[in-house]
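Asks: Sharing a structure with you now.
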Amino acid sequence: MSTLFTSYATWATKIQSGTELSSLTRELLESARQLEFMEWLKRTRRRIDMMPRRIHRYPELAFEEYKTSEIIRSELDTLGIDYTWPVAITGVVASVGSGLQPWFGLRADMDALPIQGTVKLVFQPGEEGHAGAYHMIKEGALDNFKGMFGLHVHPEMPTGTIGSRPGLILAGCGSFEAIIKGKGGHAAKPQATRDPVLAVSFAILALQQIVSRETNPLEARVVSVTFIEANKAENMIPEIVRFGGTFRTMTTEGLSYIQLRIEETNRGLTPATVNDEELYEHGKEVGASMLGGPNVRLLPMSMGAEDFSFYSQKMAAAFFMIGSKNETIKTGSAHTSYFDVDEGVLPIGATLHAAVAISYLDKHVETQ
């Protein structure tokens with residue numbers, strides 16, 4: 001790994017002498033694409049895939065990511081990176097740099113860099129519907145952060161592209177669950193039952209009318225029922241039916257209104273994700289310098305949701321998508337069992353993280 005550490009020293013020297021951003025990103029990307037570093041990235045990924053509990057094939061539930069956290073800490077130990085653990089039960093916050101202010105957060109992994117200021121690597125649990133970001137903030141792990149940058153793979157964008165937008169980018173969301181209890185019995189004698197399936201059918205129709213008949217059609221709102229559970233006997237009317245789903249909107253007021261109308265919400269709300277315009281422009285500038293302007297896309301707002309939004313409420317934050325689509329291999333769609341990552345995206349993501357953090361600190365480092 002000596003070549004990489006030599007490159008890191010070169011990057012730091014160039015930043016301190018005021019070398020242009022294009023030179024920084026070019027050298028970072030060239031170094032990240034060197035065979036030695038690419039092989040390390042692939043080796044690390046494949047070593048994790050060969051472990052008894054593979055991260056993606058056997059995911060751990062929110063705040064139960066004990067094995068995943070152990071893997072991360074093991075890698076950090078190997079790299080000689082100091083970290084704080086546990087945070088929010090299974091979370092890890094690692095520190096790279098001098099330890100001095102300003103602190104800049106990355107919700108991703110990167111190697112050690114001899115830079116001014118401090119880069120914080122935030123390994124967050126409970127992202128999928130459990131507001132892990134909120135708990136990281138609640139426990140004080142992100143106090144004194146000046147900024148936060150996050151990446152999310154986008155399997156519909158080609159490898160070599162990134163995308164985001166200033167201001168509002170992702171919806172806020174909440175989830176709901178309800179249980180309807182009736183009186184079960186034989187399907188041949190419905191008159192002797194109180195059918196909860198029929199009641200659930202009417203409830204689902206009523207939920208759809210919250211958006212279609214009670215809200216301004218120019219405001220983006222969604223209520224989706226995503227599961228219904230009852231017994232599986234063909235000749236029995238069940239006694240209990242459980243159903244639930246998600247609701248989403250671009251405003252806090254919209255979330256509160258839908259929550260009030262549904263009434264059966266049993267989880268906290270995740271606010272909309274709003275990119276800080278200055279940090280978005282910084283990420284855009286870095287991406288354009290690294291990949292070329294046409295490969296930095298202005299994305300439309302999306303009804304997808306991310307608990308990265310909690311970071312954007314506490315500090316300047318920017319959330320970007322990074323393309324991982326490769327027509328020559330089957331990368332699949334996100335949130336499916338067919339999803340896979342084009343390994344060509346690894347050096348791009350590593351370089352973008354490093355370049356955004358280094359150049360941010362170069363602009364904001366405090367005069368000692």
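Asks: Going through the cross-link list LYS67/LYS284; LYS146/LYS325; LYS120/LYS330; LYS120/LYS363; LYS232/LYS330; LYS284/LYS314, which pairs have a Cα-Cα distance over 23 Å in this structure?
Replies: Where the Cα-Cα span goes over 23 Å, the pairs concerned are LYS67/LYS284; LYS146/LYS325; LYS120/LYS330; LYS232/LYS330.
Asks: Considering Cα pairs under 8 angstrom that are at least six residues apart, work out the relative contact order of segment 319-368 and quote it in whole percent.
Replies: 27 percent
Asks: Step through the residues of segment 137-149 one at a time and calculate ³J(HN,Hα) from phi using the Karplus curve (6.51 cos²θ - 1.76 cosθ + 1.60, θ = phi - 60°), rounding each to whole Hz and writing x for Gly and Pro.
Replies: Going residue by residue, I get 5, 4, 7, x, 5, 10, 4, 6, 5, 8, x, 9, 10 Hz, with x marking Gly and Pro.
Asks: Also, I was wondering about something else. If amide H atoms are built 1.01 Å from N in the plane of the peptide, which residues on other chains or at least 5 residues away come under 5 Å of the amide H of SER324?
Replies: Those lying under 5 Å, H to H, from SER324 are HIS154, GLU156, MET157, THR159.
Asks: What size of dipole, in debye to the nearest 20, comes out for segment 172-262 about its Cα centre when the only charges are +1 on Lys and Arg C-beta atoms and -1 on Asp and Glu C-beta atoms?
Replies: On the way: 10 positive and 8 negative charges, 42 e Å.
Using Cβ point charges on Lys, Arg, Asp and Glu, segment 172-262 gives about 200 debye.
Asks: Still on this structure, I have one more. What is the order of SER69, SER22, fewest Cβ neighbours within 10 Å to most?
Replies: SER22, SER69
Asks: Would you mind ranking ASP307, ASP77 by Cβ crowding within 10 Å, fewest neighbours first?
Replies: Ranking ASP307, ASP77 by Cβ neighbours within 10 Å, fewest first, gives ASP77, ASP307.
Asks: Over segment 172-262, calculate the relative contact order: mean separation of alpha carbon pairs under 8 Å at least 6 apart, over the residue count, as a percent. Could the numbers behind the result be given before it?
Replies: On the way: 153 pairs, mean separation 39.8, N = 91.
Relative contact order comes out at 44 percent.
Asks: Counting other beta carbons within 10 Å of each Cβ, put SER359, SER201 in order, fewest first.
Replies: By the 10 Å Cβ count, ascending: SER201, SER359.
Coordinate-derived values only; no laboratory data. Keep in mind that this is a model prediction, so the values were computed, not measured. Cβ atoms come from the backbone with ideal geometry, glycine included; neighbour counts cover every protein chain shown.
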